[in-house]
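Before any comments, here is the structure.
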Amino acid sequence: MRRVELPGRDGDGPKSVVVVSYVPLLTGEPGRVLSVGDEEFNRLLAEADRLPSGLADACLWMADNGGVFPVFVLPQAHAIADHLLVWSENRPGDWFALGFAERRGRYVAVLFPNLVGSVERFEAAHFARYGEPSRAASYELLFRPIAFVSGVRHTFKKVKKLIGNLSMVGFMEPNDFDPSSPAALNLDRIRRVGPFKVCWNARPFGMSIEAVVSQLVASASDPENN
């Protein structure tokens, strides 16, 4: 799980509030406040640890209207696509950006959640539940992006010029993709979601994710991914 801290507004309430943003397949009660030592909070973290990592096993590139879009191959892909739409209130383009970065000879493709929007949604739900804002001095956001990190041998340089300013994202189950027979790919098994704004500067929604990109690249271990 990734952690990011954002400053609060009023600052005369709790020192820090933990806001759970997007975690694949994690559900919860909007606006509910739990203390860090609360048993329910620990249960929530334990549940998150059992859920999908959000890391794709492979990234395919599909042609679309003269361009291309990425397809993440990952376990429970269709369930994650459904959950993503519910979490984003069927407005995925408002709640996620599709970022690309190249580091250390690898490329990273990441669907990154709108963390500022997550804080605003938390405050709206908190006000609806308690009748007042949280007045937190700061927010600690927990989240898990959907991402792919390539190996050092990849085809990104050939396809990056075909990526538009807006892009769909595909989700595919590993069992539906046979790398030894890519021509047999069943396109009907690709779940499309989007479109998303494409970000090249590691600042989706105006927020730097350089640390997240660096962590993803540092954790990559298989140089044969492409």
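Before moving on, here are some points about what is shown:
- Point-to-point label distance, A128-N175, nm (Cα→Cβ direction, 7 Å offset): 3.7
- Kirkwood-Stokes translational diffusion coefficient of segment 68-168, alpha-carbon pairs, 25 °C, 0.890 mPa s, µm²/s: 153
- Between the amide H of Y22 and those of R144, distances stay under 5 Å, these residues lying 5 or more places away or on another chain, with hydrogens modeled in the peptide plane.
- Accessible area per residue for segment 94-221, computed on protein heavy atoms with a 1.4 Å probe, is 48 Å².
- Hydrophobic long helices, here whole DSSP H runs in the chain with Kyte-Doolittle means of at least -1.0 and Cα atoms spread over 20 Å or more along the helix axis, are found at 115-130.
- Whole-percent carbon and sulfur share, accessible surface of the chain, 1.4 Å: 50
- Simple spin-label estimate for K158 and A63 in nanometres, 7 Å along Cα-Cβ: 1.3
- Applying 0.36 nm per residue to the separation of N90 and E210 and subtracting their alpha-carbon distance, the gain on full extension is 40.4 nm.
- Of R106, R144, R129, the one that fluctuates the most in a GNM where the chain has Cα springs shorter than 10 Å: R129
- Each distinct pair of alpha carbons in the chain adds a 1/r term; the inverse of their mean, the Kirkwood radius, is 18.5 Å.
- Across segment 2-220, C-alpha contacts under 8 Å between residues 6 or more apart give a mean separation that, scaled by the residue count, equals a relative contact order of 33 percent.
- The listed peptides 145-154, 85-94, ordered by packing as a protection proxy, come out as 145-154, 85-94 (highest mean of other Cβ atoms within 10 Å first).
- Protection proxy ranking of 18-27, 211-220 - average other beta-carbon atoms within 10 Å, highest first: 18-27, 211-220
- Antiparallel bridges, percent of DSSP beta bridges restricted to the chain (to nearest 5): 75
- The HN-Hα couplings worked out from phi for segment 62-67 by the Karplus form 6.51 cos²θ - 1.76 cosθ + 1.60 (θ = phi - 60°) are 10, 6, 7, 6, x, x Hz, whole numbers, x standing for Gly and Pro.
The values are calculated or read from the model by the stated rules, or taken from the named source; none is laboratory data. What you are looking at is a predicted structure, and each value in this text was computed from that prediction instead of being measured. Reconstructed Cβ throughout: ideal geometry from the backbone, glycine too, with neighbour counts over all protein chains shown. Heavy atoms of the whole protein, side chains included, go into the accessibility calculation; ligands, DNA and RNA do not. Shrake-Rupley method; radii C 1.70, N 1.55, O 1.52, S 1.80 Å.
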